[in-house]
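Accompanying notes for the structure given below.
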Amino acid sequence: GGTHRGHMIRRSAVVSFHQDSVQRISLTDMEERTGVSYHRLYNWIRRFDLEVQPGGDRLIFLPESTVTEMERLVAMERELQKRGLSFGEAASKLGVQSRTIDSRVKMGVLEELPVCGPDGTRYVTRASVQKAIAQPDLMTRRRPKRRGR
C-alpha cells in the first residue's frame with residue numbers, strides 16, 4: 001500500500017477474521033476433506049435443508065451439526081458403493097440402459113439394495129450383477145415372436 005487512510009484495515013480485524021476462518025469449515029474444505037464434489041455437497045445441503053453460514057463473496061461456512069451430517073451422508077454413500085453398484089454403473093458394466101436395470105430388478109433378476117444414496121441414487125448388489133454377467137441370457141430382451149414371419 002498507499003498512504004490513503006480510507007482503505008486501511010485495523011490489524012485486530014484481520015487477526016480476528018483469520019482466527020474465525022481457521023476454526024470454521026467451508027464447503028470447499030469439506031470437498032477436500034471428503035473427496036465428494038462441491039456441487040454434490042451443495043445439493044445435499046439443499047435436499048436435506050442443512051444449516052449453512054454465509055461467509056461473504058460466494059463462500060459458505062458449515063456449522064458443526066452440518067459437518068457431522070455431511071460426514072454421515074458420505075459414509076453412508078461409501079458403504080452403499082462397497083455393497084453394490086448404482087443403476088448407472090451396473091448398466092455400464094452389463095452393457096445395457098439404466099431402465100433395463102430397473103426392469104430386471106422388477107423381474108427379480110437383479111437384487112436392489114433397500115436403501116438409496118443421499119441423492120436418491122438406487123443401487124443393486126454386486127453379487128446379482130456378477131450373476132448377470134455370468135449368465136448373459138438373463139439380460140437379453142425377450143421379444144414375442146411375430147406371426148407370419
Worksheet item: Does the range 110-121 contain any residue that is touching a residue at least 40 places away in the same chain (Cβ under 8 Å) and either of a type in the set (D, E, K, R) or part of a helix (DSSP H, G or I) (or both)?
Response: yes
Worksheet entry | Which listed residue, of 36, 67, 96, is within 17 Å of residue 130 (Cβ to Cβ) and not aromatic (Phe, Trp, Tyr) | 96
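Yes/no matrix, rows are residues, columns are (1) exposed (fewer than 13 other Cβ atoms within 10 Å of the Cβ); (2) modelled with pLDDT of 90 or more:
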| position | (1), (2) |
| --- | --- |
| 21 | no, no |
| 30 | no, yes |
| 37 | yes, yes |
| 59 | no, no |
| 62 | no, yes |
| 67 | no, yes |
| 71 | no, yes |
| 86 | no, yes |
| 90 | no, yes |
Worksheet item: Within the set of pairs 6+ apart or on separate chains, which have a first residue in the range 128-147 that is open to solvent by 70 Å² or more (accessible area, probe 1.4 Å), a second that is modelled with pLDDT of 70 or more and assigned to a helix (DSSP H, G or I), and C-beta atoms under 9 Å apart?
Response: 133/93; 133/94; 136/94; 141/100
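Among the residues in the range 63-73, are any touching a Gly at 6+ places or on another chain (Cβ under 8 Å) and assigned to a helix (DSSP H, G or I)?
Of the range 63-73, the ones touching a Gly at 6+ places or on another chain (Cβ under 8 Å) are none.
Looking for residues that are touching a Gly at 6+ places or on another chain (Cβ under 8 Å) and assigned to a helix (DSSP H, G or I), one finds none in the range 63-73, hence no.
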Worksheet item: Can we say residue 80 is closer than 20 Å to residue 117 by Cα, of a type outside the set (Ser, Thr, Tyr) and part of a strand (DSSP E or B)?
Response: no
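The values are calculated or read from the model by the stated rules, or taken from the named source; none is laboratory data. Just so it is clear, the structure is predicted and the values come from calculations on it, not from any experiment. For neighbour counting, all protein chains shown are included, and Cβ atoms are generated from backbone atoms with ideal geometry for every residue, glycine included. Just the protein is used for accessible areas: all its heavy atoms, side chains included, with ligands, DNA and RNA removed. Shrake-Rupley method; radii C 1.70, N 1.55, O 1.52, S 1.80 Å.
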